[in-house]
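The values are calculated or read from the model by the stated rules, or taken from the named source; none is laboratory data. Predicted model only: the values in this text are computed from it and were never measured. Here the Cβ positions follow ideal geometry from the backbone for every residue, glycine too, while neighbour counts run over all protein chains shown.
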Amino acid sequence: MMLRVLNYPKPAIRRCSSKKMRTSSSTIVCSSEAAAAAATTASSSIAAKQHHRQFSSLPHHLARQNNGMVNIFVKSTKVPRPTLPKTFNRLKKPLKEEDVTTQHVPSHLSYASNKRMPITSEMRIVQPGEDTPSGIWPVFRMMDESGNFRQPDNSRHINVSKIIPPNHHDLLQLQSALTIQYPHFKHHFLSSGLFQPSKNPYPDMPLNKEEAEAADDVKNTLLRAHRQMIRLRKMDTILHNAQRQGRISFYMTHHGEEAIHMGSASALSPQDVIFAQYREAGLLMWRGFTLEQFCNQCFSNDHDLGKGRQMPIHYGCRALNYQTVSSPLGTQITQAVGAAYKFKLDAMNNKEKEAAISIVYFGEGAASTIDFHSACNFAATLGTPMIFFCRNNGYAISTPVEDQYAGDGIISRAPGYGMAGIRVDGNDVFAVHAAVAEARKLALETSAPVMIEAMTYRQGHHSTSDDSSRYRDMDEVQAAHDVTDPILRMDKFLRHYGWMDDDAVALIEDEERVAVLRAMEAAEARPGPKLDTMFTDVYHEKPPHLLRQETELRQHLKRHDIVYH
Amino acid sequence: RLVVCNAITKRRRHCLVAHLMLNLANVLNAKMMATLLSRRYKSITLSFHNYQQHLPAIIGARSSYYSSSAAATPHYQEAAYNNNRDDDQSPPQPFPYESYNPTNPDPNYPSLGPTSKLNLFQSINSALHTSLSTDPTAILFGEDVAFGGVFRTSQNLREEFGSQRVFNTPLSENGIAGMAIGYASVGGTAIGEIQFADYIFPAIDQIVNEMAKFRYRSGNQWSCGGVTLRTPCGAVGHGGLYHSQSPEAYLCHTPGLVVVMPRGPRCAKGLLLSSIRCKDPVIFLEPKILYRSAVEEVPDADYEIPLGKAEIMQKGTDVTIVGWGAQLRRLQLACDLASKEGISCELIDLRTLLPWDSETIIRSVKKTGKLIVSHEAPITCGFGAEVAATLQQECFFHLEAPIQRVAGYDTPFPLVAEKYYLPDETKNLDAIRKVMELAK
């Protein structure tokens, strides 16, 4: 799907590969040292040489210029071409003082409740039977609010951008750089699906065949996560406003929880079935639900997969293994246990088939329902491979967490049920991804459920029928938006490596905004579903009494055509 | 009081004594009453006309709720299961109604090959065995299902099919229902057991809000047709409030569900196999009084009885009687008694309560002009109300008498007063006579 709708001058966010272009281009975005090096003569500074050498090691198809010129490197014996990127060698040198910041690294986290939870850089899924954390369960986090990764001693972090020069959008290079820089998180980076490019181009990334970088970008999982978080934010804003204008009847936003969606969805496999509550549209978006399909459901037109039977945001898609959302809270949790049990039996009987889990999402409010408790008990007793994912976002409509539970959140219940569990920072996309990936592996290996509690903050209202200023301070919301917002954090991280800048972000936001508007207008223009959709699918075959009632209705409408037109 | 009686005439005194004895019976132990009577008042008791008829009333086992003049008590052996004696160590007596056509082949069913004499729980066991054998994704679960079930419906299944397919769940009905839905939604056949229909209410959210609407709300992308929830229902003689309920009315008010109730072992096996294989979620209500007491020749073959179709048990011309489950046995007895008075009754078993077969009933009522609906559940908003309302709408001008509903009272299901609560054959016979009288 072509999303390139504007003739926007492309910012040169990619590094120029030849000395010639470097000097002539005026919109190079890179670290200050490299720019300074580019301004000077090429041979004088070591940094420039190393910089050049670094780029000379790039494969040729990545060395294209912004203007389409192909710059094929000719092998030269004068310039030695190392086999490894220079970053590896460089990092063996001791860090300079200015590269290390002593910025305060928070040791505790508290998004909405008054409980302060200690932050840890060690991901430990607490197994049943192990020593549970004494006191408050710690929150696993990899990336701070500033977009920097945490050091194990939580004392200071290193400004990596000064050490690793910003590069082309090479995921593997970024991954290796991060692995070297943060050996503590080495395992997470190396196994993270966010750093693995896709084999085939993602159909919803902007496709521009002229750009080789773009051809690479369309397989870039990390950039897709970033773009989809922005897309979700835009869709929420626009459709929320559409409800205010009376164009749709209802909407629920996902502000502040985008990292949970993209982080967890990217760690799942397509055969894993998702049981969602209602604030998980980002999962569906990651799996490939288009903006048109979202809008079709919200506008209840004839292309709605649900045939116009449910309120907006009750999405469901069999093809993408996403169970249809229902309004009663918590009912999906027990159902997920049943699905996981089926997968367990399938895995036992059919070893060739790819193993699958079921993952169920719910808020901290739904974790008080009967279905949550029954489901936890069933899953742990029967040993079903599944993930219980709790989005603890601080509020259940107007009920703050202080009125929801007295214990230590939801995760402290896991050992009581005999279940493994971990608490993560829900605004850190890397931590969520790592936790879900590890939990999935554990669930399949041990055929047991794993609970993940993701701490986050619900920045938006509960729904369009809610005005959250009536029960919470808007300063709290503003702080969440300005400091701990997941998109902001991801943005800062990408800017550290020069992958994003103001222009690039503005371009993405504009593209997505226009795409949402177009999808919305197209959906609004479509007619509604046919009348017989009211009577079909109640049973697999329409029984006689429904046939009778449908006939009655049709006759009634014919008689009173004026009234119903 | 007895001294005062001497002043009154002999006949009246006897009646007075009988009345006093009745009152005393409520207070005194039955054994004490028997000794009292046998020793002191033998002369009085012997001189009673039809004393044997009233003796059970005095002892306290059962008393006629009609006046003694209209005593048309049925000629059956009093069932000991209705005793409320504390020291009753006797084994449970069989349900006192004989199964209709106990050994003769049923003309409604074509020949299905060799048969075995099975009771209800054995025939259900047979159906479950067949289902687990033919469908590799079928699983059976619930509370206490693994050792054979509290009613022995699942015995020997775990040994044969393994602990992964036949297993106990923790004690949570909503969990059982939800798990069944989830299992079926990804392509399996889930047979869940709710131990008593009285305990189905924790699962009502899953049943009504999820199970019934699963296909509809997803636009036919997802469905949970593989769900079958089996549960014992109905009066059992000593069940009280929480082991005797018939919740079909609550369930039948839910579009999207299929509700089935068999009346005996032979149709239970066929209906259960149909229900398990049905592409819609089914609640299968099993009348628990019939588990041991109803014995019929059940075919060994794998056979299915179509859902959504009523069965005419016996043809008649005078009055249509509709019922379901164990109630049909009382209705059969009432029909037999009525036939002795020359009334020809058409007895219909609904079998499937949702969606129910109104066409058969309408056709029958158009022929007979009179209708009686009978069920154990309380009369207000019971399923009989639905049948009555539909029939009066469709057959108003064919009706010769108002439609009668003979059902339980609007009280919670009582323990001691169960014999008064149940719409037994006497009440139904009265209703038949009343309807014939009104139609004249």
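When B:ALA249 is tested against (1) within 29 Å of B:THR134 (Cα to Cα); (2) in contact (Cβ under 8 Å) with a residue 60 or more places away in the chain, only condition (1) is not met. For B:PRO170, the conditions (1) buried (at least 24 other Cβ atoms within 10 Å of the Cβ); (2) of a type outside the set (Ser, Thr, Tyr); (3) within 11 Å of chain A (Cβ to nearest Cβ) all hold with the exception of (1).
The set of residues in the stretch B:129-173 that are in contact (Cβ under 8 Å) with a residue 60 or more places away in the chain, among the hydroxyl-bearing types (Ser, Thr, Tyr) and touching a helix residue (DSSP H, G or I) at 6+ places or on another chain (Cβ under 7 Å) comprises B:THR130, B:SER131, B:THR153.
If the condition is being assigned to a loop (DSSP other than H, G, I, E, B) and of a type outside the set (S, T, N, Q), then the stretch B:243-261 contributes B:HIS243, B:PRO247, B:HIS253, B:PRO255, B:GLY256, B:LEU257, B:MET261. Screening B:ALA377 on (1) surrounded by 21 or more Cβ atoms within 10 Å (Cβ to Cβ); (2) assigned to a helix (DSSP H, G or I) shows it passes everything except condition (2).
Counting the residues of the stretch A:543-565 that are touching a helix residue (DSSP H, G or I) at 6+ places or on another chain (Cβ under 6 Å) and farther than 14 Å from A:ASP532 by Cα gives 1.
Any idea which residue in the stretch B:185-209 is nearest to the other protein chains (Cβ to nearest Cβ), counting only those that are in contact (Cβ under 8 Å) with a residue 24 or more places away in the chain and farther than 17 Å from B:THR231 by Cβ?
Per the stated criteria, the residue is B:GLY188.
Of all residues in the stretch B:272-331, those being among the aliphatic types (A, V, I, L, M) and either farther than 30 Å from B:GLY182 by Cβ or touching a Pro at 6+ places or on another chain (Cβ under 7 Å) (or both) number 15. Go through the stretch A:351-375 and report how many residues are within 14 Å of chain B (Cβ to nearest Cβ), among the aliphatic types (A, V, I, L, M) and outside any loop (DSSP other than H, G, I, E, B). Residues meeting the conditions: 5. Apart from one condition, A:THR464 fits all of (1) in contact with a His (Cβ under 7 Å, 6 or more places away or on another chain); (2) surrounded by fewer than 19 Cβ atoms within 10 Å (Cβ to Cβ); (3) of a type in the set (Ser, Thr, Tyr); the exception is (2). Just wondering, is there one or more residues in the stretch B:392-409 that are surrounded by fewer than 18 Cβ atoms within 10 Å (Cβ to Cβ), more than 29 Å from B:TYR242 (Cβ to Cβ) and of a type in the set (S, T, N, Q)? The answer is yes; a qualifying residue exists. Number of residues in the stretch A:363-404 that are farther than 22 Å from A:ARG472 by Cα and over 22 Å from the mean Cα position of the chain (by Cα) equals 17. Hey, among B:LEU350, B:LEU429, B:LEU331, B:LEU422, which residue is outside the structural domain of B:SER246 (by TED's automatic domain parsing), buried (at least 21 other Cβ atoms within 10 Å of the Cβ) and under 19 Å from B:VAL259 (Cα atoms)? Within the list B:LEU350, B:LEU429, B:LEU331, B:LEU422, the selection yields B:LEU350.
Any residue at all in the stretch A:313-320 that is in contact (Cβ under 8 Å) with a residue 60 or more places away in the chain, farther than 25 Å from A:ALA448 by Cβ and not in a helix (DSSP H, G or I)? Looking through the stretch A:313-320, at least one residue is in contact (Cβ under 8 Å) with a residue 60 or more places away in the chain, farther than 25 Å from A:ALA448 by Cβ and not in a helix (DSSP H, G or I). One residue is enough: does the stretch A:506-513 have a residue meeting the conditions in contact (Cβ under 8 Å) with a residue 12 or more places away in the chain and closer than 24 Å to A:MET311 by Cα? Among the residues of the stretch A:506-513, at least one is in contact (Cβ under 8 Å) with a residue 12 or more places away in the chain and closer than 24 Å to A:MET311 by Cα, which makes the answer yes.
The residues listed here are A:GLN293, A:GLN277; of these, the one that is touching a residue at least 12 places away in the same chain (Cβ under 8 Å), within 14 Å of another protein chain (Cβ to nearest Cβ) and in contact with a helix residue (DSSP H, G or I) (Cβ under 8 Å, 6 or more places away or on another chain) is A:GLN277. Residue by residue through the stretch A:501-546, note down the ones that are at pLDDT below 95, over 22 Å from A:ASP204 (Cα atoms) and hydrophobic (A, V, I, L, M, F, W, C). Within the stretch A:501-546, just A:LEU531 meets the criteria.
Here's the yes/no breakdown for (1) at pLDDT below 95; (2) of a type in the set (A, V, I, L, M); (3) not in a loop (DSSP other than H, G, I, E, B):
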residue: A:GLN271; (1), (2), (3): no, no, no
residue: A:ILE274; (1), (2), (3): no, yes, yes
residue: A:GLY282; (1), (2), (3): no, no, yes
residue: A:TRP286; (1), (2), (3): no, no, yes
residue: A:GLN310; (1), (2), (3): no, no, no
residue: A:SER326; (1), (2), (3): no, no, no
residue: A:ALA336; (1), (2), (3): no, yes, yes
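I'd like the residue in the stretch A:166-211 that is among the aliphatic types (A, V, I, L, M) and either in contact with a Leu (Cβ under 7 Å, 6 or more places away or on another chain) or part of a loop (DSSP other than H, G, I, E, B) (or both) and, out of all such residues, is modelled with the highest pLDDT. Looking at the filtered set, the residue picked out is A:LEU194. Within the stretch B:243-258, the set of residues being more than 30 Å from B:VAL416 (Cβ to Cβ) and buried (at least 23 other Cβ atoms within 10 Å of the Cβ) comprises B:LEU257, B:VAL258. Is at least one residue of the stretch B:226-242 more than 14 Å from chain A (Cβ to nearest Cβ), in a helix (DSSP H, G or I) and crowded, with 24+ Cβ neighbours inside 10 Å? Scanning the stretch B:226-242 turns up no residue that is more than 14 Å from chain A (Cβ to nearest Cβ), in a helix (DSSP H, G or I) and crowded, with 24+ Cβ neighbours inside 10 Å. Pairs are defined by a Cβ separation below 9 Å, a sequence spacing of at least 6 or placement on different chains, a first member in the stretch A:109-131 that is closer than 20 Å to A:ALA479 by Cα, and a second member that is surrounded by fewer than 15 Cβ atoms within 10 Å (Cβ to Cβ) and basic (Lys, Arg); the pairs so defined are A:LEU109/A:ARG116; A:SER110/A:ARG116. Just a yes or no: is a residue in the stretch B:298-313 within 16 Å of the chain's Cα centre (by Cα), farther than 16 Å from B:PRO262 by Cα and of a type outside the set (Phe, Trp, Tyr)? Among the residues of the stretch B:298-313, not one is within 16 Å of the chain's Cα centre (by Cα), farther than 16 Å from B:PRO262 by Cα and of a type outside the set (Phe, Trp, Tyr), which makes the answer no.
Do we find a residue being facing another protein chain (nearest Cβ under 7 Å) and more than 20 Å from A:ALA356 (Cβ to Cβ) anywhere in the stretch A:315-324? Checked against the condition, which is being facing another protein chain (nearest Cβ under 7 Å) and more than 20 Å from A:ALA356 (Cβ to Cβ), the stretch A:315-324 yields no hits at all.
In the stretch B:320-328, is there at least one residue being of a type in the set (S, T, N, Q) and within 14 Å of another protein chain (Cβ to nearest Cβ)? Show your work before the answer.
The first filter runs over the stretch B:320-328 and keeps only residues of a type in the set (S, T, N, Q), leaving B:320, B:327.
If we keep only those that are within 14 Å of another protein chain (Cβ to nearest Cβ) as well, we get none.
No, every residue in the stretch B:320-328 fails to be of a type in the set (S, T, N, Q) and within 14 Å of another protein chain (Cβ to nearest Cβ).
Being over 20 Å from B:GLU143 (Cα atoms), at pLDDT 95 or above, assigned to a helix (DSSP H, G or I) and touching a helix residue (DSSP H, G or I) at 6+ places or on another chain (Cβ under 8 Å): is that true of A:ALA380 here? When the stated conditions are applied, A:ALA380 does not pass them.
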